[in-house]
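Notes follow once the structure below has been shown.
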Amino acid sequence: MLTNNYNYNYRSIFMKKLFMKKLFMTRLFITAFVLGLAFNASSATIEPEVQNVLDGIQNRQEGVLQKQVNKVFPATGLWSTENFALAAYWLNQDTALADQQLIDRANEYIPKVATEEQLHWHMYLWGRIYLLYSSESKYFPGRMSEAAENAVLEFMYTWLKEHVTSEVPSQPLWDYWGSENHHLQKWSSAWTAANILKNFPEYKDETLKDSITVSQLAVQMDTYFKNYLKERASKGFFAEVGSTTYAKYSLNSIYNLYDFAEDEELKNAADMFLNTFFANYSIDLNKGIRGGSQHRVYAGTAAFTSAGSLGYIPLGNGVSSQHPGYAAAVTTMWRPNELVVELSLDMMRSQDEYAYISRRPGRRPDPIPEDDNEVVSMDPEGGSLLRYTWVTPQFIMGLSMVEALPVTSWVPISSQNRRNSVLFSEDAKIFTQRPSPETGSVYNAEWGVQDKGVMIVQMLSSALGLSKTATGQSIMFDKELTHLEKDGWIFVESLEAYAAVKVVNGGGIMRDLELTDFRSGKGDLEAGEMFDLNDAHSPIIYEVNSKDKYDSFDDFQQQILSNPLKMCGGKLTYKSQAYENKLELFTDYSKPPQVNGWPINFSPKDAYVSPYLNAEFGKGIVELTNGEKKVVYDFN
């Protein structure tokens, strides 16, 4: 009962704020239960900025594609061939060279398909090339030569017969092969190849390893992906939360479903999924830069960088990239809903302060099953992981709040290299980071509690089996931030916000960055400074607020120093005067953290709660709202 009340308190805060803001406005709710084509929230009143983003998609695509024709990236290998072919055929330049490269590469790989275990990274892109440019294409028919078409068909069939069985259509939807992005790439490749080959008499009745035919696989994969997209969209998306490294591969795979599905329900599900995904992505943005907690973020350059390329093509934010992980985005026909574009532009919410709370996947089932080779099982009900993000115009603070569970209770792709952080409006950051082991990564490194602009984190114990290879704790301060130490606190000034950081036990030492702080062993040593904790398991308190709420930096410091802070009997209590809240962390892991006396509910009834994106967990109905506009996506 206590945890439910705590969860409902958050919802009531959001609704009260939203109602107060809109109470005296005439509200036109335009609701789309999307069962046909994608619904644009209000075409008659589309904002010029939104129209500019949508109109610019083709130009952004062609800009990247022209770079690929001029100087392909990467310079060698299968990705080089795929990127060049996608660009050359699209622009109708050097098509004969693209033909020859595809033929040569297929002839090189077909004899050794059986021993090539990484072709799932590529086959959905070969299918994309065929479906965009072959004589059978509905988009750019006839730009490939017949010889190139035949080479692509034979390559896909040889791979399908050697590496694909009917196991996935019968698998639990939350099992994954390798990792989420590997899983999606492999089975998007299988779906794409089967849906192409089923239209050819010489291939459609051919049997795969377990006697399923190509045509049967195509039908079963359609059903699988319709169910998969509903499950993921209504239960927290990916365990690889916010990973700039891996999300691009997952989305690359899903663009194929939208662009080439013959099943209209599957095409619509892919459209709704992509819109919901980018709404989720957009409400973590501040001036086009994404904040909040992330998983599978490697120490060093990846952690220091916020402006990725995931939103560049559809939303016009981030940076252009020729990486093959964006090859499908650069050649997709999908266009985001106008409401999603509005959210990405901060148009209706630029002066808002709000929390975005989401229930995320990542737990293993209980009891934990034995994995079958490379297949890993995830609990379809998720739980034990609540992603909390406090979004303001001046900063974004985000934490993946988790129960203090053994590291074995989490799938590796969830617990690997989690990053909890503060992102300021000028793209400056503060975040915790552990030393990278010589091999592998750090798993389930820390837990904590957050409410609004106050956060407490603590490293979890490896000795107790809660974390793995977590051997130290440091705090990175961006070079753009001014900071000073006073009475055991580190006070930080950014362009628009003040921050205070307190290492509760033992203090630490501020130092320059070293190459060992970068997983790759190389990076920008001027990116910031690192504060190494003397007691790695000390809790760390963060409080951040906008400058306009204080008379001066000194005023902020005095208020922080007067906030009640007590460490007693394995419990840390911190009260913020500015936010009028009390956070409690049980540093002996004996109880879940508390906010204002209420334990955190790690498994609330809602998958997403915010003023802009809301959904009840697992129901298949997702609501997007912005100003006078509302879209409801019905995955059922």
Which listed residue is of a type outside the set (Lys, Arg), out of contact with any Asp or Glu (no Cβ under 9 Å at 6 or more places or on another chain) and on the phi < 0 side of the Ramachandran plot, from Leu484, Leu466: Leu466
Filter segment 500-525 for residues that are closer than 30 Å to Gly569 by Cα and touching an Asp or Glu at 6+ places or on another chain (Cβ under 7 Å); which is most open to solvent (accessible area, probe 1.4 Å)? Ile509
Quick one: in segment 471-482, which of the residues that are in contact with a strand residue (DSSP E or B) (Cβ under 6 Å, 6 or more places away or on another chain) and assigned to a loop (DSSP other than H, G, I, E, B) is most open to solvent (accessible area, probe 1.4 Å)? Lys479
What is the residue count in segment 300-320 for residues that are out of contact with any Leu (no Cβ under 7 Å at 6 or more places or on another chain), surrounded by fewer than 20 Cβ atoms within 10 Å (Cβ to Cβ) and without any contact (Cβ under 8 Å) to a residue 40 or more places away in the chain? 1
Total residues in segment 538-562, condition surrounded by 18 or more Cβ atoms within 10 Å (Cβ to Cβ) and either free of Cβ contacts under 8 Å to residues at least 40 places away in the same chain or in contact with a His (Cβ under 6 Å, 6 or more places away or on another chain) (or both): 1
Please find, within segment 117-173, the residue that is farthest from Glu374 (Cα to Cα) out of those that are open to solvent by less than 60 Å² (accessible area, probe 1.4 Å) and free of Cβ contacts under 8 Å to residues at least 24 places away in the same chain. Gly142
For the list (1) at pLDDT 95 or above; (2) in contact with a Ser or Thr (Cβ under 6 Å, 6 or more places away or on another chain), I need the number of the one condition that Glu485 fails. (2)
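Please find, within segment 483-499, the residue that is nearest to Cys568 (Cα to Cα) out of those that are open to solvent by 40 Å² or more (accessible area, probe 1.4 Å) and either in a strand (DSSP E or B) or among the polar types (S, T, N, Q) (or both).
Going through the qualifying residues, I end up with Lys486.
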For the structure I just gave you, tell me whether Tyr124 is among the aromatic types (Phe, Trp, Tyr), modelled with pLDDT of 95 or more, closer than 29 Å to Ala270 by Cα and more than 25 Å from the chain's Cα centre (by Cα). no
Scanning for something among the basic types (Lys, Arg), part of a helix (DSSP H, G or I) and surrounded by fewer than 21 Cβ atoms within 10 Å (Cβ to Cβ), does segment 100-108 turn up at least one residue? no
Among the residues of segment 58-99, how many are open to solvent by 80 Å² or more (accessible area, probe 1.4 Å) and of a type in the set (Phe, Trp, Tyr)? 1
Conditions first: (1) in contact with a strand residue (DSSP E or B) (Cβ under 7 Å, 6 or more places away or on another chain); (2) open to solvent by less than 10 Å² (accessible area, probe 1.4 Å); (3) of a type outside the set (Phe, Trp, Tyr). Asn626 passes all but one, so which condition is the exception? (1)
Do we find a residue being within 25 Å of the chain's Cα centre (by Cα) and outside any helix (DSSP H, G or I) anywhere in segment 72-81? yes
On the basis of being touching a Lys or Arg at 6+ places or on another chain (Cβ under 9 Å), closer than 24 Å to Leu613 by Cβ and open to solvent by 20 Å² or more (accessible area, probe 1.4 Å), does Asp427 make the cut? yes
How many residues of segment 449-468 are hydrophobic (A, V, I, L, M, F, W, C) and more than 26 Å from Thr389 (Cβ to Cβ)? The answer is 2
Sort out which residues of segment 531-590 are within 26 Å of Leu466 (Cα to Cα), outside any strand (DSSP E or B) and aliphatic (A, V, I, L, M), and write them in order of number. Ala536
Only residues in segment 247-267 that are open to solvent by 10 Å² or more (accessible area, probe 1.4 Å) count as the first member; pair them with residues that are part of a helix (DSSP H, G or I) and β-branched (Val, Ile, Thr), Cβ under 7 angstrom, at least 6 apart or cross-chain, and list the lot. Phe260/Thr192
If a residue has to be hydroxyl-bearing (Ser, Thr, Tyr) and within 15 Å of Leu65 (Cα to Cα) to count, how many in segment 75-127 make the cut? 4
Do we have Leu153 as more than 18 Å from Tyr326 (Cα to Cα), part of a helix (DSSP H, G or I) and of a type outside the set (S, T, N, Q) here? yes
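Per-residue answers, yes or no, for (1) assigned to a strand (DSSP E or B); (2) modelled with pLDDT under 95; (3) among the hydroxyl-bearing types (Ser, Thr, Tyr); (4) open to solvent by 10 Å² or more (accessible area, probe 1.4 Å):
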site	(1), (2), (3), (4)
Ser400	yes, no, yes, no
Leu405	no, no, no, yes
Pro435	no, yes, no, yes
Gly440	no, yes, no, yes
Gln450	yes, no, no, no
Ile456	yes, no, no, no
Selected residue (only one of Ala247, Ala279 is farther than 16 Å from Tyr633 by Cβ and of a type in the set (A, V, I, L, M, F, W, C)): Ala247
Find the residue count for segment 604-620, including only residues that are in a loop (DSSP other than H, G, I, E, B) and more than 14 Å from Tyr388 (Cβ to Cβ). 7
If we scan segment 207-216, do we find a residue that is at pLDDT below 95, charged (D, E, K, R), open to solvent by less than 70 Å² (accessible area, probe 1.4 Å) and in contact with a Ser or Thr (Cβ under 9 Å, 6 or more places away or on another chain)? yes
Checking the structure you have, find out if any residue of segment 272-285 is surrounded by fewer than 24 Cβ atoms within 10 Å (Cβ to Cβ), part of a loop (DSSP other than H, G, I, E, B) and not β-branched (Val, Ile, Thr). yes
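Among the residues of segment 223-239, is there at least one that is farther than 25 Å from Ser400 by Cβ, of a type in the set (A, V, I, L, M, F, W, C), modelled with pLDDT under 95 and open to solvent by less than 30 Å² (accessible area, probe 1.4 Å)?
Of segment 223-239, the ones farther than 25 Å from Ser400 by Cβ are 223-227.
With of a type in the set (A, V, I, L, M, F, W, C) added as a condition, the list becomes 225.
Within this subset, residues satisfying the condition of being modelled with pLDDT under 95 are none.
There is no residue in segment 223-239 that is farther than 25 Å from Ser400 by Cβ, of a type in the set (A, V, I, L, M, F, W, C), modelled with pLDDT under 95 and open to solvent by less than 30 Å² (accessible area, probe 1.4 Å).
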So Glu262 fits all but one of (1) within 25 Å of Asp175 (Cβ to Cβ); (2) out of contact with any Ser or Thr (no Cβ under 9 Å at 6 or more places or on another chain); what number is the exception? (1)
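The values are calculated or read from the model by the stated rules, or taken from the named source; none is laboratory data. Since the structure is predicted, the reported quantities are computational estimates derived from the model, not experimental observations. Counting neighbours? That spans all protein chains shown, and the Cβs are built from the backbone with ideal geometry, glycine included. Ligands, DNA and RNA are stripped out before the accessible areas are found, and what is left, the full protein with its side chains, is counted by its heavy atoms. Shrake-Rupley method; radii C 1.70, N 1.55, O 1.52, S 1.80 Å.
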